[in-house]
Amino acid sequence: MEYKHESVLINEVIEQLKIRPGGIYADGTLGGGGHSFQIAARLSDGGKLIGIDQDEDAVEAAGRHLSVYKDRCILVHDNYENMVSIVKGLGFDKVNGILLDLGVSSYQLDNAERGFSYNQDAPLDMRMDQTNPLSAKEVVNEWSEEELVRILREYGEERYASNIARNIVREREKKPIERTGQLVTIIRSSIPMKMQERGGNPCKRSFQAIRIAVNRELEVLSDSIDGMIDLLAPGGRFCIITFQSLEDRIVKNAFRKNENPCICPPEFPVCVCGRKSKGTVITKKAIVPSAEEIRHNKRASSAKLRVFEKIAEQENEISRDGK
């Protein structure tokens, strides 16, 4: 299947990154290379775009898309949680900008065999990285009922988590649950019919929860933001696009904490904890797609862009080997 993914908020991302022609930029969720293409197009021969994605199909597709700028691009198959070590391993001390475009891609949703979609019957998979040993099949068939309830509630905010988990366990005792169609049937049988008529497909929340668990999406995000901010050069910008409230909350809180890390009691007249701000939250309110973009691409409707700028201390030249 041809890799197709329409990147959202491209103009807004490019505007917020404030790209320097000779700068170093890291796209931690390369996808098909839509955002990266626009970044690379604005770089000079001295600039570099480091593109990272855990999906090998995405890296391959991006390589084709970015071939015209291949001398400016370094593409890596990995998880963005390893961005700091990847960048350092390539010989760069700092970067001028970072982009994360979170969530599942259109290609992953539309390619039935990847098992992300509840609209097509396919093997239960949901792995963004096909080398990951854990798939949705293992989660559904091997995790305890208590753990299933937890992820459905925490990652899917599913009201009927207990019903769904109980019925999953009951059905897997009869035979393994190996296909998305089986899981869809179980979820639908676990939710009252009158509730299924509200808020879109009743399987959406459960599929989201299982996908997040398989790919450790929230854990990776929350554990990586601080390190990536530290990777920014003074004045560098960090753009993160989210598509659901759990991700957005993590990003918003992490940016706020890095802007104001002080833990002193509010009654203290001066800060004594010694924690210093790393920068400024540029987007006090998230940037969202225009009505025109949403009309053109309905999947953009839930997108939110938040931006953080590293504190502009005396700027140092970015060089290889820290020189």
Practice prompt. Using the charge dipole of segment 77-194 (Lys, Arg: +1 at Cβ; Asp, Glu: -1 at Cβ; taken about the Cα centre), state which of Gly97, Val169, Met193 has its Cα farthest towards the positive end.
Written response: Met193
Discussion item. Between Asp45 and Glu154, what is the label-point separation in nm under the 7 Å Cα-to-beta-carbon projection?
Written reply: 5.2 nm
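Could you tell me the relative contact order of segment 191-323? Use alpha-carbon pairs under 8 Å, at least six residues apart, and round to a whole percent.
Values: 139 pairs, mean separation 39.1, N = 133.
This gives 29 percent for segment 191-323.
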Worksheet item: Cβ under 12 Å from Ser190's Cβ, Ser190 left aside: what net charge do those residues give with Lys, Arg +1 and Asp, Glu -1?
Response: +3
Worksheet entry | Partners for Lys285 among lysines (Cα-Cα distance below 24 Å; same-chain residues under 8 apart left out) | Lys18, Lys252, Lys257, Lys276, Lys298, Lys304, Lys310
Worksheet, complete the sentence: Here FRET efficiency (C-beta to C-beta, Ser162 to Gln130, R₀ 45 Å, nearest 0.05) is 0.90
Fill in: Inter-site label distance for Cys262 and Glu138 at 7 Å from Cα along Cβ, in nm
4.6 nm
Fill in: segment 54-149 - charge dipole about Cα centre, Lys and Arg +1 at Cβ, Asp and Glu -1, debye rounded to 20
680 debye
Worksheet entry | Dipole moment magnitude, nearest 20 debye, the chain about Cα centre, only Lys, Arg, Asp, Glu C-beta charged | 860 debye
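Quick one: work out Rg over Rh on the C-alpha atoms of the chain, Rh as Kirkwood radius. Before the final figure, lay out the partial values.
Working: Rg = 21.1 Å, Rh = 21.0 Å.
With Rg and the Kirkwood Rh in hand, the quotient comes to 1.00.
Quick one: dipole size for segment 19-104, taken about the Cα centre, charges +1 on Lys/Arg Cβ and -1 on Asp/Glu Cβ, in debye to the nearest 20. Write down the numbers at each step before the final one.
Numbers: 8 positive and 12 negative charges, 103 e Å.
Around 500 debye, computed over segment 19-104.
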Worksheet item: Could you give the nm distance between label points at Asn297 and Lys276, where each point is 7 Å from its Cα heading toward the beta carbon?
Response: 3.9 nm
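Express the relative contact order of the chain as a whole percentage, based on alpha carbon pairs under 8 Å and six or more residues apart in sequence. Could the numbers behind the result be given before it?
On the way: 574 pairs, mean separation 59.7, N = 323.
Relative contact order for the chain comes out at 18 percent.
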Fill in: Structure-based [θ]222 nm, the chain - -39500 (n - 2.57) summed over DSSP H runs of at least 4, per residue, nearest 500
-11500 deg cm²/dmol
Worksheet item: Cβ under 9 Å from Phe308's Cβ, Phe308 left aside: what net charge do those residues give with Lys, Arg +1 and Asp, Glu -1?
Response: +2
Worksheet item: Per the Kirkwood formula on distinct C-alpha pairs, the Rh of segment 1-120 is how many angstrom?
Response: 14.5 Å
Worksheet entry | Bridge type composition, the chain - antiparallel percent by DSSP, nearest 5 | 40 percent
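Sum up the charges of everything whose Cβ sits under 10 Å from the Cβ of Val251, counting Lys and Arg as +1 and Asp and Glu as -1, but leave Val251 out. Please report the intermediate quantities before stating the final value.
Values: positive: Arg249, Lys252, Arg256, Lys304, Arg306; negative: Glu247, Asp248.
Neighbourhood net charge equals +3.
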Worksheet item: Expressed as a whole percentage, what fraction of the accessible surface of the chain belongs to carbon and sulfur atoms when a 1.4 Å probe is rolled over the protein heavy atoms?
Response: 47 percent
Practice prompt. Consider just the alpha-carbon atoms of segment 9-80 and return their Rg together with their Dmax, both in angstrom.
Written response: 11.0, 29
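If you roll a 1.4 Å probe over the heavy atoms of the protein chains, what accessible area per residue do you get for the chain, in Å²?
Numbers: 15810 Å² over 323 residues.
Per residue, the chain has an accessible area of 49 Å².
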Worksheet item: Which of the aspartates and glutamates could a cross-linker bridge to Lys174, judged by Cα under 17 Å and excluding same-chain residues fewer than eight apart?
Response: Glu138, Glu142, Glu145
Fill in: Relative contact order for segment 93-186, counting Cα pairs under 8 Å that sit 6 or more residues apart, in percent
26 percent
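The values are calculated or read from the model by the stated rules, or taken from the named source; none is laboratory data. Quick caveat, the model's predicted, so the values are computed rather than measured. Cβ coordinates were reconstructed from backbone atoms using ideal geometry, including for glycine residues, and neighbour counts include every protein chain displayed. Surface accessibility is based on the protein's heavy atoms, side chains included, excluding ligands, DNA and RNA. Shrake-Rupley method; radii C 1.70, N 1.55, O 1.52, S 1.80 Å.
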